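These notes are about the structure you will find just below.
The values are calculated or read from the model by the stated rules, or taken from the named source; none is laboratory data. Being a predicted model, the structure only gives us computed values, none of them experimental. As a convention, Cβ positions derive from the backbone with ideal geometry for all residues, glycine included, and neighbour counts pool all protein chains shown.
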Amino acid sequence: MKSIERLTAIMGGRASDRWPFIPSIYEHGPALLGRSVAQVSRDPDLMAEAAIESYRRYQHDLVTVGVDIYNIEAEALGCEIEATERSIPGVVSHPLKEANQAEIESLEIPSPTRSNRLGVITEAAGQVYEALGDEVWIYGCMGGPFSQAVELRGFEQLIADIYTTPEFVHRLMEKTAELSVQHAERLSRKGCGVYLYESWATIPLIHGEIFEKFVVPYNKRVITKVREQFDTPPPGVIMGGDTAVLIDYFLEAGTSIVVADYNTDFEFIRDKISDRKMLLRGCVDPKLIERGEWDMLESSTRALAEKAQGMKNFVWGCGCVSFDTPPEHVLRFKEFCLSAQEL
C-alpha cells in the first residue's frame, strides 16, 4: 500500500496493511539539509526541500510542511520573532499587549508575501504537493486562532481578558480566525491538508471551560470552511498535553486527528473515538529517540501497541524530533514501531 492509500483507507473506516508511521518533523528537516532553522524557515525552496528530504529518508506516511509551525501567522500580525540556528524560533514581543478595543477593530488581516512568510509556507506546500502529492498526504502547518491571540496579547494578559472583558477576546479572535480561514484556503488550493497547532490551549495551561468557549468555536469555523470547499486531506487540530479531558470538544470541532501524548490517558480517548473516522496518534517521548535510549523506547512502543490492539485508526507518532536527533535514531524508532505491531 502507498502511504496515501493507507491513510485514505483508515479515514474511510477501513483496515490498512499496517498502522501508519507519522513522526513530527519540523526543525529536524533543516538539519537533514545541513542548514539552520532560521535559513529554512524563511526560504520556500529550502522549506520544501527539507520536507521532501525528510520523506525520502524516513518514508513516513504523512508529510508536514513547516519549520516554526506556531509563529508564522503571529509574525504576519506584528509579533517579533527570534531567529535560531537549531530550534524553532519563538515570539519575543506581544504588539497588542496594551491595545484597546479600537486598536483591535483596526487590526488588518495581512495578505501573503515572502516578507511575512504566509507566502513562504504556501509556496513551499505547493512545491511539496507537486513532488509527493500522489504518494502521501501533505499538510501545511498553521498556528491556531487561540494561539495567535496569545502571541499578540501575551498569555497572562489574554487570560485576564477572558475573565474581565471576554467580548474583547472574542473580537480579537474574530480577527485571528479570519486570518486562519484565509490562510487555510490558500493551503487547500495547493491540494494540501491543514493542521491547526493550538499549543497555548493545552491542559493545564487553560481549563476546559476556556477551551470550550474560546478555542472550539474558532477552530470549528476553520475546519468547517475547509471541509465545505475542498476535497483535501481532512483538517486537524494538533496539540499536546492532557487531550483526554478535552476529547468531547475535539469531536465537536470536527478534527480529523487526536494526539495522545505519552502522558495522556490513551485508553479513554481510544474508547471515545473507536468507531469514528479519525486518527488517534499515539506518541512516545522524542527525547528517548534523540538520546538513543533503546530499551525504554522499545518498551514504550510495545506498550502503545498493546493499548492499540484491534484499532484500525491508530497511527504511530512522537513529539517534535529535534534538530540534533541523528537520522539513524529516527529509522530505528520506525523499526521498533513496525516490529511492535507484529507482536
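What are the residues in segment 144-161 that are within 17 Å of MET239 (Cβ to Cβ) and among the charged types (D, E, K, R), if any?
Once the filter is applied, which keeps residues that are within 17 Å of MET239 (Cβ to Cβ) and among the charged types (D, E, K, R), segment 144-161 yields only GLU151.
Taking the condition of being of a type in the set (D, E, K, R) and either within 24 Å of SER3 (Cα to Cα) or buried (at least 18 other Cβ atoms within 10 Å of the Cβ) (or both), how many residues in segment 291-318 meet it?
Residues in segment 291-318 being of a type in the set (D, E, K, R) and either within 24 Å of SER3 (Cα to Cα) or buried (at least 18 other Cβ atoms within 10 Å of the Cβ) (or both): 5 in total.
Say we look at segment 1-37 and pick out the residues that are of a type in the set (D, E, K, R) and in contact (Cβ under 8 Å) with a residue 40 or more places away in the chain; which of these is farthest from GLU342 (Cα to Cα)?
Only one residue fits best here, namely GLU27.
Taking segment 88-144, which residues are aliphatic (A, V, I, L, M) and assigned to a loop (DSSP other than H, G, I, E, B)?
ILE88, VAL92, LEU96, ALA99, LEU107, ILE109, VAL136
I'd like to know if segment 323-343 contains one or more residues that are in contact with a Pro (Cβ under 9 Å, 6 or more places away or on another chain), crowded, with 20+ Cβ neighbours inside 10 Å and farther than 15 Å from ILE22 by Cα.
Looking for residues that are in contact with a Pro (Cβ under 9 Å, 6 or more places away or on another chain), crowded, with 20+ Cβ neighbours inside 10 Å and farther than 15 Å from ILE22 by Cα, one finds at least one in segment 323-343, hence yes.
Out of segment 192-242, which residues are under 30 Å from ASP134 (Cβ atoms), among the charged types (D, E, K, R) and part of a helix (DSSP H, G or I)?
LYS225, ARG227, GLU228, listed by residue number.
Filter segment 108-129 down to residues that are of a type in the set (Gly, Ala, Ser) and surrounded by fewer than 20 Cβ atoms within 10 Å (Cβ to Cβ), then give me how many there are.
3
Given (1) of a type outside the set (Lys, Arg); (2) closer than 23 Å to ILE121 by Cβ; (3) within 18 Å of the chain's Cα centre (by Cα), where does GLU228 come up short, assuming only one miss?
(3)
Is it true that SER180 is within 16 Å of the chain's Cα centre (by Cα), touching a residue at least 24 places away in the same chain (Cβ under 8 Å) and farther than 20 Å from MET278 by Cα?
yes
crowded, with 22+ Cβ neighbours inside 10 Å, over 26 Å from ASN71 (Cα atoms) and in contact with a helix residue (DSSP H, G or I) (Cβ under 6 Å, 6 or more places away or on another chain), is that true of PRO30?
no
Give the residue, chosen from ILE25, ILE10, ILE69, that is among the β-branched types (Val, Ile, Thr), modelled with pLDDT under 95 and within 18 Å of the chain's Cα centre (by Cα).
Step by step, each of ILE25, ILE10, ILE69 is checked, and only ILE69 is among the β-branched types (Val, Ile, Thr), modelled with pLDDT under 95 and within 18 Å of the chain's Cα centre (by Cα).
Which condition breaks for VAL245 when tested against (1) modelled with pLDDT of 95 or more; (2) crowded, with 16+ Cβ neighbours inside 10 Å?
Answer for VAL245: the failing condition is (1).
Of these, MET278, MET239, which one is modelled with pLDDT under 95, under 17 Å from the mean Cα position of the chain (by Cα) and over 24 Å from GLN148 (Cα atoms)?
Answer to the check: MET278.
Scan the helices (runs of 4 or more DSSP H) fully inside segment 4-86 and keep the ones with 3 or more residues being out of contact with any Ser or Thr (no Cβ under 9 Å at 6 or more places or on another chain) and either under 20 Å from LEU187 (Cβ atoms) or basic (Lys, Arg) (or both).
Fully inside segment 4-86 and qualifying: 44-58.
Mind checking whether some residue in segment 263-279 is touching a residue at least 60 places away in the same chain (Cβ under 8 Å) and surrounded by 22 or more Cβ atoms within 10 Å (Cβ to Cβ)?
Yes, because at least one residue in segment 263-279 is touching a residue at least 60 places away in the same chain (Cβ under 8 Å) and surrounded by 22 or more Cβ atoms within 10 Å (Cβ to Cβ).
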